[in-house]
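J.: Structure below; questions to follow.
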Amino acid sequence: MESTFHVYFGPEALTAPIQGRRIESSDCFAALREGLDDFLAMPTHPIFVGLFYALGGIALVGLTSVADALQLVFPFAAGFALLGPFFAVGLYELSRRRERGLTASWRDAFAVFRSPALPSIIALGLFLFALFAIWIGVAEVLYMQLYGRKPPAAALPFLYDVLTTDRGWTLIAVGGLIGFCFAALALCVSAISFPLMLDRDPGVVPAVVASMRLARDNPGPVALWGFLVAALLILGSLPLFIGLAVVMPVLGHATWRFYRRTVVRDPAHEVPILNSGSADIARNPALRPVWVFLDLFDYLRRK
């Protein structure tokens with residue numbers, strides 16, 4: 001029972017209230033600049049290259065060649081962004097270390113596995129996965145209502161039909177509106193929740209409440225932040241998703257900087273920075289090939 005309470009309300013739910021700030025549009029652009037600076041100081045893109053292409057690439061290939069679900073490729077690619085705040089937790093840790101004047105390497109991103117807030121982070125991550133699954137289900141239902149149960153035979157004829165017929169434009173318009181609603185919900189829930197949990201371990205409920213209160217009290221700047229994130233993700237996706245190797249890490253670091261501008265710091269209740277425990281993780285047979293690859297990539301980059 002105590003462990004469950006910790007996940008949802010943290011160890012100091014009643015004694016460490018979260019005090020938000022009023023923010024301006026300028027804070028959004030400043031957070032992006034600071035996130036870019038973090039990225040240039042700590043080029044962490046190899047982690048996201050492997051993560052994004054391993055999960056996204058395998059899933060997209062499966063949808064097109066195994067599951068006969070070509071109609072879900074775009075909803076899947078667009079909805080995958082809903083999971084970005086969860087996958088960027090390691091980047092928040094790197095920005096947190098740099099902010100305190102500590103050295104940070106890609107190994108330090110794995111310190112999140114030793115964070116007391118990890119169960120809370122996983123719990124909110126599961127919610128985002130559920131939201132993502134519902135979005136895919138709704139997209140499939142919408143397609144069946146307009147096109148029937150038969151999947152598209154090939155990509156180009158399906159794309160031509162979507163762009164040149166009334167039902168295709170209906171699919172774009174209604175699908176875009178539904179996707180916007182899912183994205184808005186995910187933004188309100190997770191705008192600062194994950195960095196807040198990593199920084200102060202308040203539990204899922206106070207973190208989500210703080211994030212939604214931020215959206216309520218600062219609708220303009222939060223909407224602008226969501227627009228900037230969406231625009232950069234689209235820009236990074238255009239050249240066959242290659243640009244996401246840079247965009248995703250920059251947005252991860254920028255989200256931490258955005259969080260710092262929205263919540264008043266409380267050093268007395270911040271979680272101490274832990275070492276990564278990388279030696280234990282490196283001994284895991286399942287992770288060893290990834291570990292060796294990242295070590296080699298880092299060595300070549302330094303040379």
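J.: Please give the FRET efficiency for L296 paired with R21, using the beta carbon to beta carbon distance and R0 = 45 Å, rounded to the nearest 0.05. Please report the intermediate quantities before stating the final value.
T.: Values: r = 43 Å, r/R0 = 0.95.
Calculated value: 0.60.
J.: Once you place label points 7 Å from the Cα toward the Cβ at Y160 and E140, how far apart are they in nm?
T.: 2.8
J.: Testing the spin-label approximation: label points 7 Å from Cα along Cα→Cβ at T103 and L185. State their distance in nm.
T.: Modelled inter-label distance: 4.6 nm.
J.: Counting other beta carbons within 10 Å of each Cβ, put Y147, Y92 in order, fewest first.
T.: Details: Y147 17, Y92 25.
So the residues, fewest neighbours to most, are Y147, Y92.
J.: Report the local net charge at W256: Lys and Arg +1, Asp and Glu -1, summed over other residues whose C-beta lies under 15 Å from its C-beta.
T.: Here the charged neighbours net out to +1.
J.: Quick one: order C188, C181 by neighbouring beta-carbon count within 10 Å, fewest to most. Spell out each step's value before the answer.
T.: Details: C188 19, C181 12.
So the residues, fewest neighbours to most, are C181, C188.
J.: For the pair L274 and D37, how long in nm is the line joining their label points, each one 7 Å along Cα→Cβ?
T.: According to this spin-label approximation, the distance is 3.0 nm.
J.: Next up: Suppose the chain between A77 and V264 were pulled fully straight at 0.36 nm per residue; how much longer would it get relative to their current alpha carbon spacing?
T.: Full-extension gain reported as 63.8 nm.
J.: Which order do H269, H253 fall in if you start with the one that has the fewest other Cβ atoms within 10 Å?
T.: Numbers: H269 17, H253 27.
In increasing order of surrounding Cβ atoms, one gets H269, H253.
J.: Taking R0 as 45 Å, what FRET efficiency do you get between D68 and T4 from their Cβ-Cβ distance, rounded to the nearest 0.05?
T.: Working: r = 41 Å, r/R0 = 0.92.
Efficiency, from the Cβ-Cβ distance: 0.65.
Since every read-out is calculated from the coordinates, none of them should be taken as a lab result. Note that the structure is a prediction, hence the values are computed from the model and not measured. Reconstructed Cβ throughout: ideal geometry from the backbone, glycine too, with neighbour counts over all protein chains shown.
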